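The values are calculated or read from the model by the stated rules, or taken from the named source; none is laboratory data. Owing to the predicted nature of the structure, the values given are computational and were not obtained by experimental measurement. Ideal geometry is used to build each Cβ from the backbone, glycine not excepted, and the neighbour counts take in all protein chains shown. Remember, those area values only see protein heavy atoms, side chains included, never the ligands or the DNA or RNA. Shrake-Rupley method; radii C 1.70, N 1.55, O 1.52, S 1.80 Å.
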Amino acid sequence: MNTSKKKYLIIGAILLLAVLAFFFWPKNQVAPLKLTTEKVKKGNLTTSVTATGTVEPITLVEIGTQVSGVISKIYVDFNSEVKAGQVIAELDKRMLSSELETAQATLQSRKVELAQQLRTYNRNKELWEKQAISKADWEDVQTAYETAKLAVTSSQAAVFKAQTNLGYATIYSTIDGVVVSRAVEEGQTVAASFSTPTLFTIANDLTKMRVIANVDEADIGQVIEGQRVMFTVDAYPNDEFQGKVVQVRLEATTTSNVVTYEVVIDAPNPDLKLKPGLTANVNIYTLEENDVLIMPAKAMMFSPDPEVMKQLGDITVEQNESLSPAKKSVWVKAGNTINQRNISIGTSDGINIQILDGLEEGAEVVTGVSQHTPAMPENGAGGESSPFMPKRPGQKK
């Protein structure tokens, strides 16, 4: 037998087997319908809002200088612990000391001038009282004396300014804390002509941190002060840190047409694991109800269809004449009977609903109707499916 004929015989055999399988393979029977129910039970309801934020110290102070000059000494480095009033750096004081000496010399000179003008004033006052000088001469003497007094006052202010600037050449820490950042080196020139340059950044207490989280405008309405927060950072992926919402800021930030609001989260850091600048993945728990009576939310959507209920056979639908249409209701199964009950509900997490009144623990609420699929020839396993789902090929409608 040549190869071509052998090929056609194999194809013919396969087609014959396919036809026989189609006509003689057992057909699936229509799956019986059954009510699906779930019991009312005690449980927890939790919802949360997710966001990202940045870890930072609660108190962060930037230390700068109000005078220009060259950094001559630096006494602290990154991570150094400092106390309030501690000297952390010094500027070169030679120019500032020279300015102070000049201002003091000018003050002394003007004091001498004032003393001279005072003597002239007293002498000419006696002459004026005796009408021995003209009024114009007397007014000139008064003017010179008053000008000399103002010159002394001006020189005193210049001395005070020079003394203050000399004091600014010594940089002190204003708080107790840890040096987070040092922006200068010894020998570097700092210019304070237009703004105060930042030399050091000091965090007050790294055991007390906070997270500034950016919450989307769609979620911000659920966030209030006092809510519990859990967050993680990439530095410690297996650790969860706890916090609490302490402030919801009103100022909105728009980035790429996305509006967010800043939420301040208190984050205790006793182990000093959290470091300034870490990115936090935040869960803000907007709903927490523990050990309350709950039922599936889908039970609220069930309504018995007369045609479907006929197929259930032994299930009786019992009408409740005292039912109030203004209240929420569910269907409850007792034996082979289902009846509708009014209930009062509380909060929901989208899956379960809190029951406030109308149902007791253990009551069976009807959640829907499903098909109970008998054991299949392929794997011998059964299951349930909705009567409204599309059928497998070969199943009867």
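So the values come out like this:
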{"quantity": "Point-charge dipole on Cβ atoms (K/R +1, D/E -1) for the chain, about Cα centre, debye to 20", "calculated": "1540 debye"}
{"quantity": "Accessible area in the full protein assembly, largest first, 1.4 Å probe, for S256, S80", "calculated": "S256, S80"}
{"quantity": "Kirkwood Rh in Å, taken over the stretch 89-139 so that all alpha-carbon pairs contribute", "calculated": "13.9 Å"}
{"quantity": "Virtual spin-label span in nm between S303 and Q108, 7 Å along Cα→Cβ", "calculated": "10.3 nm"}
{"quantity": "Cα shape, the stretch 204-341, gyration tensor, a/c 1.5 rule", "calculated": "prolate"}
{"quantity": "Simple label model, 7 Å out from Cα along Cβ direction - K208 to E126, nm", "calculated": "7.1 nm"}
{"quantity": "Principal-axis tilt of helix 135-168 within the chain, Cα atoms, nearest 10 degrees", "calculated": "40 degrees"}
{"quantity": "Alpha-carbon gyration tensor eigenvalues x 5, square-rooted, for the stretch 262-372, Å", "calculated": "44, 16, 12"}
{"quantity": "Calculated FRET value between T59 and V292, using beta carbons and R₀ = 25 Å, to 0.05", "calculated": "0.05"}
{"quantity": "Given charges at Cβ of Lys, Arg, Asp, Glu: the chain dipole, positive-most of Q227, V179, N352", "calculated": "N352"}
{"quantity": "Local electrostatic count, K149, Cβ distance below 12 Å [Lys/Arg +1, Asp/Glu -1]", "calculated": "0"}
{"quantity": "Nearest-ten-degree value, helix 3-24 long axis tilted from longest Cα axis of the chain", "calculated": "80 degrees"}
{"quantity": "Amide hydrogen neighbours beyond the local backbone of S80, cut-off 5 Å, H modeled", "calculated": "V179"}
{"quantity": "The stretch 286-341 - percent relative contact order, Cα under 8 Å, separation 6 or more", "calculated": "33 percent"}
{"quantity": "In the stretch 276-374, trypsin sites (Lys or Arg not before Pro) in a DSSP loop with at most 16 other beta-carbon atoms within 10 Å", "calculated": "K327"}
{"quantity": "Gyration tensor over alpha-carbon atoms, the stretch 216-295, equivalent ellipsoid semi-axes in Å", "calculated": "22, 21, 12"}
{"quantity": "Net charge of Cβ neighbours under 12 Å - reference E360; Lys, Arg +1; Asp, Glu -1", "calculated": "+1"}
{"quantity": "Accessible-area order (highest first, 1.4 angstrom probe) of the listed residues I133, I294", "calculated": "I133, I294"}
{"quantity": "Full-stretch length increase - K135, T198 - with 0.36 nm per residue and alpha-carbon distance subtracted", "calculated": "16.7 nm"}
{"quantity": "Sequence-separation-based contact order of the chain, relative, with Cα cut under 8 Å and 6+ spacing, percent", "calculated": "26 percent"}
{"quantity": "Accessible-area composition of the chain, carbon plus sulfur, in percent [1.4 Å probe]", "calculated": "52 percent"}
{"quantity": "Those trypsin sites (Lys or Arg not before Pro) in the stretch 85-156 that DSSP places in a loop and that have at most 11 other beta carbons within 10 Å", "calculated": "K130"}
{"quantity": "Residue-span extension gain [Q142 to A252] - 0.36 nm each, minus C-alpha spacing", "calculated": "33.2 nm"}
{"quantity": "GluC sites (Glu not before Pro), loop per DSSP, at most 13 other Cβ atoms within 10 Å - longest free stretch of the chain", "calculated": "1-184"}
{"quantity": "Inter-part distance where the stretch 292-366 and the stretch 101-123 are each reduced to a Cα centre, Å", "calculated": "101 Å"}
{"quantity": "For T196, solvent-accessible area (1.4 Å; no DNA, RNA or ligand), Å²", "calculated": "80 Å²"}
{"quantity": "Which label in (i) 85, 58, 44; (ii) 75, 53, 41; (iii) 145, 82, 41 gives the computed Cα extents along the principal axes in Å", "calculated": "(iii)"}
{"quantity": "Spherically averaged projected area in nm², based on the convex hull that wraps the Cα atoms of the stretch 257-324", "calculated": "12.6 nm²"}
{"quantity": "Exposure rule at most 13 other beta-carbon atoms within 10 Å, DSSP loop chymotrypsin sites (Phe, Trp or Tyr not before Pro): the chain longest free segment", "calculated": "195-387"}
